[in-house]
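The numbers here are math on the coordinates, done by the rules we state, and not lab data. The structure displayed is predicted, hence computed values, not measured ones. In this analysis, Cβ positions are derived from the backbone assuming ideal geometry, glycine residues included, and neighbour counts consider all displayed protein chains.
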Amino acid sequence: MKGGVHVAGTNQGRGYDRERPDRPHGKRAMSDEKITIMPAYLRVKDAAAYVGLSEPMLLKLVRAGQGPPRIRKGRCVLYSLKALQDWMNRDEAAA
């Protein structure tokens with residue numbers, strides 16, 4: 001901060017550089033734990049791994065009309081995570 005004016009590109013004068021007794025210098029405010037975010041849609045390879053099948057077996061079941069519903073976006077085939085879970089639960093209930 002020069003002459004009471006905020007200098008662009010710096011954090012001076014905005015309270016960011018104040019020491020906080022509850023947070024040691026250099027520590028992040030958020031937890032250091034890693035957060036894993038699961039995507040809502042999976043490609044064929046990931047969907048097969050998720051349900052515990054090989055890619056060819058998953059594709060064989062889909063072609064036979066016994067696999068989970070899929071979504072086509074151009075050349076890309078996607079499986080909804082919810083649809084995969086429902087499909088596994090349906091098979092589990094039938095067993």
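Name the pairs whose Cβ atoms lie under 7 Å apart, with the first residue in the stretch 34-57 and without any contact (Cβ under 8 Å) to a residue 24 or more places away in the chain, the second acidic (Asp, Glu) and surrounded by fewer than 16 Cβ atoms within 10 Å (Cβ to Cβ), and 6 or more positions between them or separate chains?
Listed by first residue and then by second, the contacts come to Lys45/Glu55; Ala48/Glu55.
For a quick check of your reading of the model, give me the residue pairs whose first member lies in the stretch 61-85 and is of a type in the set (S, T, N, Q), whose second is outside any loop (DSSP other than H, G, I, E, B), with beta-carbon atoms closer than 6 Å and at least 6 apart or on different chains.
Short answer, once both residue conditions are applied: Ser80/Tyr41.
Filtering the stretch 75-95 down to residues that are polar (S, T, N, Q) and assigned to a helix (DSSP H, G or I), which residue is surrounded by the most Cβ atoms within 10 Å (Cβ to Cβ)?
In the first step, residues of the stretch 75-95 are kept if they are polar (S, T, N, Q); the result is 80, 85, 89.
Okay, now just the ones that are also assigned to a helix (DSSP H, G or I), so 85, 89.
Working: Gln85: 13, Asn89: 10.
Going through the qualifying residues, I end up with Gln85.
Mind checking which residues of the stretch 48-74 are under 21 Å from Ile37 (Cα atoms) and in a helix (DSSP H, G or I)?
Listed by number, the residues that qualify are Ala48, Ala49, Tyr50, Val51.
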